Structure formats: structure tokens, C-alpha cells
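These notes are about the structure you will find just below.
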Amino acid sequence: MHFDEAVNYLLSLGHETLAIKLGLANIERLLAALGSPEQAYPAVQIAGTNGKGSTAAMLDSICRASGVRAGLYTSPHLVSITERIRLAGRDITRAGFARLATQVRAAATELADATGALPTFFEQVTAIALLAFREAQVELAILETGLGGRLDATTAARAGVLAITPVALDHQEYLGDTLHAIAAEKAAIIRAGAATVVVAPQPDAARAQILARCRECHVTPRFTTGDILTRGADAAGRLRATFDTGTDVYENVSLSLRGRHQATNAAVAIALAEVLRERGFPITRAAIIEGLETAEHAGRLELIPGQPSLLFDGAHNAAGARALRDYLDEFVAAPVTLVFGAMRDKDLNEIAATLFPASARLILTRPTNPRAATLDALARLVAAQGISRINNPPVLVESPVDALRAAEACTPPEGIICITGSLYLVGEVKSFNALGGQGLNRDR
């Protein structure tokens, strides 16, 4: 298959969340048919509700600073599916992706003929990533869990080093209605024989569930340091902080990712790096600092200066919305035009209550996604919040591209357009050629 053929084939398997089939049997059979590529290298698996992608990006950056050849697997992508698989800091090539997708498709088809179960979109993309890592002879695979943990395809890699970032309510239709239930799904990546699990600060219910799983599997958790001394932040919201882990002190680190919540993610990345160092990886203190100061994670408080500037942030659940609101309150003095679109299965009332009051102008739109909330549903959120918008009533725009145009037309040059509510919306807008003809399309 050529690249476009490969993408169209994968998309034909169904949307990765609507067509999801949680369970490990299919992915384990698929990997076995491909020669068990996950056994060719050690791996780190990162689960959690918020921060797992940022933590993975930080750890990958630390590995590059250390000279460790790492493979990074994340989801979802924003513009190109190749973003999900990074080798030594670079997206997999389109040709490389297509070639491996062809190999995975053939194995998946044979399995479907034998078992009647065709591996899903996420299972096949995960297999492509693990194959790519073996082919590139990576020294370490860094795997961001897609959904939950217990039955997520990345768990089939049986990573020896694990991490759980902060757990919050999200994806309740798959993971359960309580923090206790959701934490149980995420904690299930912990298994007997795992070397280490790094645990971020958690709500009490989630912490209790994670500790219970550790006891059951005879794994001693390593909690991230609470000794983080904040030393200020720059005007764009990049924190300076000192981290004391008890093993080492990382002084006056200027985090490259914006927002105070990134201190928690940085602490998890530091703990993982220290664990890897104990396991023989040549990761120095200086490399850890350099990695934290140079990490990149598109679509998460990603600021593109301009007149007006653009701020991209997924903020796709209540905790993510709170982090974005905290950032806007502390670091953004300019008037904010909020371009908002979200998935209908999210806690839209709480997200709206958090974000809508922070906007001077509100533009509601609908991402091109079968799970997207309708404009009528979003308009009802405004009414439900009782927000008075006599001078600047919300504008409803069906197309995200037209929503961006509308935002540019009504936002003063010194203002900020914040595109938020869903990573799918962020990706769709980033694909649109905007900003004075400079363009945001990063597809390769």
C-alpha cells in the first residue's frame, strides 16, 4: 500500500474510539504473528487520565539528550497519523509507515480469516509502532496508553517500567462511573514481575486502588517527589522549578511545556529517568534537565505568536479544562476568543462552566467527528450556565475552518484565539492553512 492507501485502510476499520474493542487477545495474536516485535527492546508504559502524553514527550526528550535511541508511541494524532510513531525524535516517514501497515494488514487479515476477529484500528497502529521500533533497533520504547490500561493494546508490550499520571473522571462509558473504577482499570497495567511503577499524586480513591494493585502484584510503588520548589514563570507560562527527588536535585529547571500542572508531569518524567538510570541507561542529571527544557508536545498549551496569537489546547475533560482555565487566568491578560468544540460523551457542563466565562468572545463549532456534540447541544450549555453575553453573544459556526475565520475577524490584533475542547478540533484547525499564509499543516 502507498501511504494514502494505508491511512484509508486503517480508517475503514472504524473510528478508534467508536469501534474500540477493549481486550488483549487480538493484539497478542497479531504481535505473535508478526514475530513478537515487543520482545526486542525494553519498554516504559505510561497510563493515567491527564498528563501521560506530556510525560511521555518529556521522557523522550530526556532520552534524546542522553543519546538513548528511543521510540515514542502516542495518540491521538493531530494532523498526520505519522505523528503517533516517533523514532529518535522524528516522526516515522510516510513510506515507512505505509510499508509496515501493509505488513500488519496482511497478518491481521490472516487472523481474521482464522478467528473471525479483525484487529481494530488502534490494535493495528500499535502493531505498526512496535514493528517500527524493532526495525529501528531502538534501545527503549515509550508507550502512552490509549484508553484505560487493563485492556489497552499497549499493555500487550508488557513493559517493565510503568507510570500512572493523575487519574480523573473521563471515558466513563468504557472505564466506569467512579474514580475507584477508573483507577482500577489504569492500575491494572501493574502486574507481577514489573520492575517499577512510578505514581503521581492522586485523589484518595485512586491512590487507594493503585496501592491495592501494587500489594496484589508485590510491586513497590515509587511516588513522585512532592518537594517541588517553584521559582517563577516566564510571561508565556513556562515554569521554573527545582525538583528534589531524594536521589538528586534538579535546580532551577525551565520547563518548556506551559502551565503549572506540567510540574507534576515533569516529576513523573524525572522519576522514570532515574529508574532507567538504575537499570543501566546512560541518563545523566544534565540530560534530564536538558530534556525537560526542550520537550515539545503539540496541541497542549501550544502558543503560536501572531496578531492575534493562537493557543491550542485539547482540554477534553474536566481536569484538562481546569488546567487551561488556570493558565488563562494567570498568564493571559489579552482578550480571549474561545473556539470550542467537543465530543458529546464528555462532561460538557463542567467543561463549559470552567472555560466559557474566561472568554471575551465565544465561537461554538463541531469537529468533523461522529462523536462530536451538535451546535444546538453546545448552545444549550451557554444557556445552562446563565452567562450574560448581551454585547458578544456566542456565534455558532458549523465548520471549524469557518470558526477560525470568524475568530480572526472578531479578535483584536493583541488578542488570543484559543482553540479547545477536543484534540480532534485542534488537529482539524491546525490542518487549515491560516496565519497569513504561513500555514499550520505539518503533515509529512
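Structure notes:
- In Hz, Karplus ³J(HN,Hα) per residue of the stretch 254-265 (6.51, -1.76, 1.60; θ = phi - 60°; x = Gly, Pro): 9, 5, 7, 8, 7, x, 5, 5, 5, 4, 5, 5
- Taking a ≥ b ≥ c as the square roots of the eigenvalues of the Cα gyration tensor, the stretch 30-149 is prolate, since a/c reaches 1.5 or more and a/b is larger than b/c.
- Its DSSP H runs of at least 4 residues, each contributing -39,500 (n - 2.57), put the calculated 222 nm mean residue ellipticity of the chain at -12500 deg cm²/dmol, to the nearest 500.
- Kirkwood radius and radius of gyration were both taken over the C-alpha atoms of the chain, and their ratio Rg/Rh is 0.95.
- All-pairs Cα distance distribution in the stretch 232-284, expressed in whole percent, bin size 5 Å: 5, 20, 27, 22, 15, 7, 3, 1
- Dimensions of the stretch 58-119 from C-alpha coordinates, computed as largest minus smallest value along each principal axis and given longest first, are 45, 21, 19 Å.
- Percent of beta bridges antiparallel (DSSP, the stretch 3-294, rounded to nearest 5): 45
- What the Cβ-Cβ distance of Thr230 and Ser12 gives, at R0 = 41 Å and to the nearest 0.05, is a FRET efficiency of 0.25.
- Translational diffusion of the stretch 31-89, µm² s⁻¹ [Kirkwood Rh, Cα pairs; Stokes-Einstein; 37 °C; 0.692 mPa s]: 257
- When the chain is treated as a Gaussian network with alpha carbon springs shorter than 10 Å, the biggest mean-square fluctuation among Ala43, Ala383, Ala194 belongs to Ala383.
- Relative contact order %, the stretch 271-401, counting alpha carbon pairs below 8 Å whose residues are six or more apart: 18
- From phi via Karplus (6.51, -1.76, 1.60), per-residue ³J(HN,Hα) for the stretch 299-313 in Hz, x at Gly/Pro: x, 10, 6, 8, 9, 10, x, x, 10, x, 7, 10, 10, 9, 7
- Shape class for the stretch 244-376, computed from the alpha carbon gyration tensor (a ≥ b ≥ c): prolate, with a/c not under 1.5 and a/b above b/c.
- When each of the peptides 243-254, 153-164 is scored by the mean number of other C-beta atoms lying within 10 Å of its residues, the order from highest to lowest reads 153-164, 243-254.
- Rounded to 5, the percent of DSSP beta bridges in the stretch 248-401 classed as antiparallel: 40
- Rg/Rg_ref, the stretch 302-430, where Rg_ref = 2.2 N^0.38 Å and atoms are Cα: 0.93
- The stretch 59-210 - share of DSSP beta bridges that are antiparallel (%, nearest 5): 40
Coordinate-derived values only; no laboratory data. Keep in mind it's a predicted model, so treat the numbers as computed, not measured. Glycine gets a Cβ as well: all are built from the backbone with ideal geometry, and neighbour counts include every protein chain shown.
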